[in-house]
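Working notes for the structure below.
The values are calculated or read from the model by the stated rules, or taken from the named source; none is laboratory data. In this text, all values refer to a predicted model and were calculated from it rather than measured experimentally. Please note: Cβ atoms are built from the backbone with ideal geometry, for glycine as well, and neighbour counts cover all protein chains shown. Ligands, DNA and RNA are excluded from the accessible area calculation, which covers all protein heavy atoms including side chains. Shrake-Rupley method; radii C 1.70, N 1.55, O 1.52, S 1.80 Å.
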Amino acid sequence: LDPVRRTQAWTDHSGAVRSVAWSADGLRVATAGDDAVVRVRGVSEGAEAFSFPRHPEKLRSLIFCLDGRQLASVGTDRVVRRWDTVTRRELPERRNRQAGLLHLLDTPQGLLMVSQGADRHVWIERLDGQGGVTRLGGENLPGLRSARLTADGRRLLGAGDRTLFIWDVQTRLL
């Protein structure tokens with residue numbers, strides 16, 4: 001195998017970096033972590049273009065939306081914050097009602113929040129308010145650590161506690 005060469009490195013976060021995201025066009029990178037700051041930079045120049053120091057707690061997940069105009073993040077406070085990356089203005093925030101947030105996912109159907117409640121069910125909720133809440137799973141599910149949707153949004157892959165699960169989102173069956 002040919003070794004991969006590092007082309008750039010940034011050390012401007014004051015704590016551990018927990019999440020990274022590419023913009024859909026590949027021109028920007030966003031980073032977030034324990035210092036509760038979202039940093040956005042252009043890949044070619046490497047310098048920070050702007051930052052969003054809005055979260056009061058550590059950040060867990062970060063995603064550029066497919067349209068490239070929005071960036072969303074969530075912290076340990078379970079509040080999803082979104083920004084317009086062109087105007088750099090904050091958009092309405094959304095609080096997660098469940099016990100733990102797994103991930104933010106962007107799909108052709110919209111920006112989704114995937115979480116697991118204290119009842120151990122997995123919940124999928126659209127953040128644009130244009131759809132309902134989908135409940136998956138059952139009371140015997142282990143604590144999930146990661147989740148990803150297929151590109152068409154029809155199946156959800158969940159992982160945690162040495163177990164992988166695949167759900168059909170429409171039928172809600174494992």
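For this structure, a couple of remarks:
- Just one residue in the set A36, A30 is hydrophobic (A, V, I, L, M, F, W, C) and not in a strand (DSSP E or B); that residue is A36.
- Only one of the listed residues (G68, G15) is in contact with a Ser or Thr (Cβ under 9 Å, 6 or more places away or on another chain), of a type in the set (G, A, S) and in a loop (DSSP other than H, G, I, E, B). That residue is G68.
- Those strands (runs of 3 or more DSSP E) of region 84-171 in which 3 or more residues are open to solvent by less than 40 Å² (accessible area, probe 1.4 Å) and modelled with pLDDT under 75 occupy 100-107.
- Pairs are defined by a Cβ separation below 7 Å, a sequence spacing of at least 6 or placement on different chains, a first member in region 63-75 that is crowded, with 21+ Cβ neighbours inside 10 Å, and a second member that is acidic (D, E) and not in a strand (DSSP E or B); the pairs so defined are G75/E57.
- Taken over region 33-48, the criterion of being surrounded by 15 or more Cβ atoms within 10 Å (Cβ to Cβ) and out of contact with any strand residue (DSSP E or B) (no Cβ under 8 Å at 6 or more places or on another chain) is satisfied by D35 alone.
- Residue that is of a type in the set (A, V, I, L, M, F, W, C), at pLDDT below 85 and farther than 14 Å from T76 by Cα, where the choices are A47, A30, A21: A47
- For G26, the requirement of being farther than 22 Å from L105 by Cα and either among the acidic types (D, E) or open to solvent by 20 Å² or more (accessible area, probe 1.4 Å) (or both) is not met.
- Check on S51, buried (at least 19 other Cβ atoms within 10 Å of the Cβ), part of a strand (DSSP E or B) and out of contact with any Gly (no Cβ under 6 Å at 6 or more places or on another chain): no
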